[in-house]
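Enquirer: Here you go, one structure.
Any read-out appearing in this document is the output of simple, stated calculations on the displayed coordinates, not a laboratory observation. Worth saying up front: this structure is predicted, and the values here are computed from it rather than measured. Every residue, glycine as well, gets a Cβ built from its backbone with ideal geometry; the counts of neighbours run over all protein chains shown.
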Amino acid sequence: MMTKLHVLPEVAERCLNHTEENRIKRIYQRHSYESEMREAWQLLGERLNLLIRSDAANIIPISGSKAA
């Protein structure tokens, strides 16, 4: 879902705490992506809030329904 929000795959993988499979990258690329991860989580939170709010507006309560 993060990549759909234009978060780089490397950042999304770090957010999920995945380990880099490529040994060379794992050894030499030591950037923490801390600020990028913070921004990614913020984007995801905003998107989820939007989905929750929009879904709540579409819910129609059904009263008095009986199971068959």
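Enquirer: Just want to confirm a number: the relative contact order over the chain, from Cα pairs under 8 angstrom separated by 6+ residues, in percent.
Expert: Numbers: 23 pairs, mean separation 24.5, N = 68.
The normalised contact order for the chain reaches 36 percent.
Enquirer: Gain in length, Asn22 to Ile52, computed as 0.36 nm per residue apart minus the alpha-carbon separation, to one decimal in nm?
Expert: Separation in residues times 0.36 nm, less the Cα-Cα distance, equals 7.1 nm.
Enquirer: Note down the net charge around Glu36, summing +1 for each Lys or Arg and -1 for each Asp or Glu among other residues with Cβ under 12 Å from its Cβ.
Expert: -2
Enquirer: With n ≥ 4 as the cut-off for DSSP H runs, can you work out [θ] at 222 nm for the chain, using -39500 (n - 2.57) per run divided by the number of residues, rounded to the nearest 500?
Expert: The helix contribution divided over the chain gives -17000 deg cm²/dmol.
Enquirer: Charges at C-beta only: +1 for Lys and Arg, -1 for Asp and Glu. How large is the resulting dipole of the chain about its Cα centre, in Debye rounded to 20?
Expert: 160
Enquirer: So what's the angle, to the nearest 10 degrees on a 0 to 90 scale, between helix 34-57 and the longest Cα principal axis of the chain?
Expert: The helix 34-57 is inclined about 10 degrees to the chain.
Enquirer: Above 21 angstrom, tally the Cα pairs of the chain and express them as a % of all pairs, no decimals.
Expert: Above the 21 Å cut-off, the chain has 47 percent of its Cα pairs.
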